[in-house]
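**Q** I have a structure here, written as structure tokens, and I will follow up with some questions on it.
The values are calculated or read from the model by the stated rules, or taken from the named source; none is laboratory data. Since we're looking at a predicted model, the values are computed, not measured. No Cβ is skipped: glycine too gets one built from the backbone with ideal geometry, and neighbour counts run over all protein chains shown. Just so you know, the surface numbers come from the protein's heavy atoms only, side chains and all, with ligands and any DNA or RNA stripped out. Shrake-Rupley method; radii C 1.70, N 1.55, O 1.52, S 1.80 Å.
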Amino acid sequence: IQRWKLMALRYPGQNMGGKAQLALAKVYLDKLKDLDQGTKELSYLIRVFPYNYYGRKGRSILYKMKKKFLRVETKRVYTTNEKPLLHIRLRNIPTLSFRIYKFDLKEYFQKKRSFANIENLLIEVVAPYKKFNKAVPRYRKYELLDHAFDFTKYTSGAGAYIISVEGAQFKART
């Protein structure tokens, strides 16, 4: 770490210094998991090396780290004897709101004769079966988190469900 700091100070505004400063930031972010110090090092990189390749690369990394992100998916269809999991990937969102809707697939298919466009249903006009808020476990600012959420205790057994997840002006459903 000290060598990279020395190299960044010795070559300000040059590629070698920018490369050293980016390497220093990545050590804090990836190896030491010190996100606060890593973001400080990235901010310094952007300030001292604003126009070279490494300054732009640092700006891109810092932008991604500060940006809020939410993705929700079920990786497959589950049978009745399996535990269904909801996979959530997020960043910079400490609390999530869940809305679970029970869905009658048989009735839907009888009316539409197809499952096409099922993702475009306006579920918001219907009262949810269950609604609750949950704090994100092991939340850390700037960290990209992956969670597998077991929602069986919020459902009434086998069936089809639509789950809507909201957090910090983002909304996703599966």
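**Q** Could you identify which residue out of Arg99, Arg76, Arg113 has the top mean-square fluctuation in a GNM of the chain using Cα springs shorter than 10 Å?
**A** Highest fluctuation among the options: Arg113.
**Q** Then there's this: So how much slack lies between Thr80 and Arg113, counting 0.36 nm per residue of separation and subtracting their Cα-Cα distance, in nm?
**A** Additional length available on full extension: 9.5 nm.
**Q** Something else: Got a sec to turn the phi values of region 42-48 into Karplus ³J(HN,Hα) couplings, 6.51 cos²θ - 1.76 cosθ + 1.60 with θ = phi - 60°, whole Hz, x for Gly and Pro?
**A** Ordered by residue, 3J(HN,Hα) equals 5, 4, 5, 4, 5, 6, 8 Hz.
**Q** Once phi is turned into θ = phi - 60°, what whole-Hz ³J(HN,Hα) does the Karplus curve with 6.51, -1.76 and 1.60 give for every residue of region 71-83, x standing for Gly and Pro?
**A** Whole-Hz 3J(HN,Hα) from phi for region 71-83: 9, 10, 7, 9, 6, 6, 8, 9, 7, 5, 9, 10, 8.
**Q** Expected output is a single nm value to one decimal: the length gained when fully extending between Glu124 and Lys40, i.e. 0.36 nm times separation in residues minus the C-alpha distance. What is it?
**A** Contour length minus the Cα-Cα distance gives 26.1 nm.
**Q** Of Lys40/Lys141; Lys5/Lys67; Lys19/Lys68, which pairs sit farther than 23 Å apart, going by alpha carbon to alpha carbon?
**A** Lys5/Lys67; Lys19/Lys68
**Q** Sticking with this one: Rounded to the nearest percent, how much of the accessible area of the chain (1.4 Å probe, protein heavy atoms only) is carbon and sulfur?
**A** Roughly 53 percent of what the probe reaches on the chain is carbon or sulfur.
**Q** So, with +1 on the Cβ of K and R and -1 on the Cβ of D and E, and no other charges, what is the size of the charge dipole of the chain about its Cα centre, to the nearest 20 debye?
**A** In debye, rounded to 20, the chain gives about 480.
**Q** Check each of the GluC sites (Glu not before Pro) in region 50-108 and keep only those in coil by DSSP with at most 16 other C-beta atoms within 10 angstrom; list them in order.
**A** Listed in order of number, the matching sites are Glu82.
**Q** Sticking with this structure for a sec: What do you get for the angle between helix 15-26 and the principal long axis of the chain? Use alpha-carbon atoms, 0 to 90 degrees, nearest ten.
**A** Relative to the chain, helix 15-26 is tipped by roughly 40 degrees.
**Q** Now for a separate question. Testing the spin-label approximation: label points 7 Å from Cα along Cα→Cβ at Ala168 and Gln14. State their distance in nm.
**A** Result for the modelled spin labels: 3.9 nm.
**Q** For Ala160 and Arg138, what does the FRET efficiency come to when R0 = 22 Å and r is the distance between their Cβ atoms, rounded to the nearest 0.05?
**A** 0.15
**Q** Between Thr95 and Arg47, how high is the FRET efficiency from 1/(1 + (r/R0)^6) when r is the Cβ-Cβ distance and R₀ = 30 Å? Nearest 0.05.
**A** Working from the Cβ atoms, E equals 0.40.
**Q** If you don't mind, another one. Could you estimate the translational diffusion coefficient of region 1-67 from the Stokes-Einstein equation, with Rh from the Kirkwood formula over C-alpha pairs, at 10 °C and 1.306 mPa s, in whole µm²/s?
**A** 141 µm²/s
**Q** What distance in nm separates the simple spin-label points at Leu6 and Arg71, each placed 7 Å from Cα in the Cβ direction?
**A** 4.1 nm
**Q** When ligands, DNA and RNA are left out and all protein chains stay put, how many square angstrom of accessible area per residue does the chain have with a 1.4 Å probe?
**A** Per residue, the chain has 66 Å² of solvent-accessible surface.
**Q** Be a star and scan region 41-67 for residues whose amide nitrogen sits under 14 Å from the point 7 Å along the Cα-to-Cβ vector of Val27.
**A** What the label zone holds, given the 14 Å backbone N cut-off, is 41-42.
**Q** So, one more: From the list (i) 20.2, 62; (ii) 15.1, 49; (iii) 22.5, 73, can you say which value of Rg and Dmax of the Cα atoms in Å was derived from the structure given?
**A** (iii)
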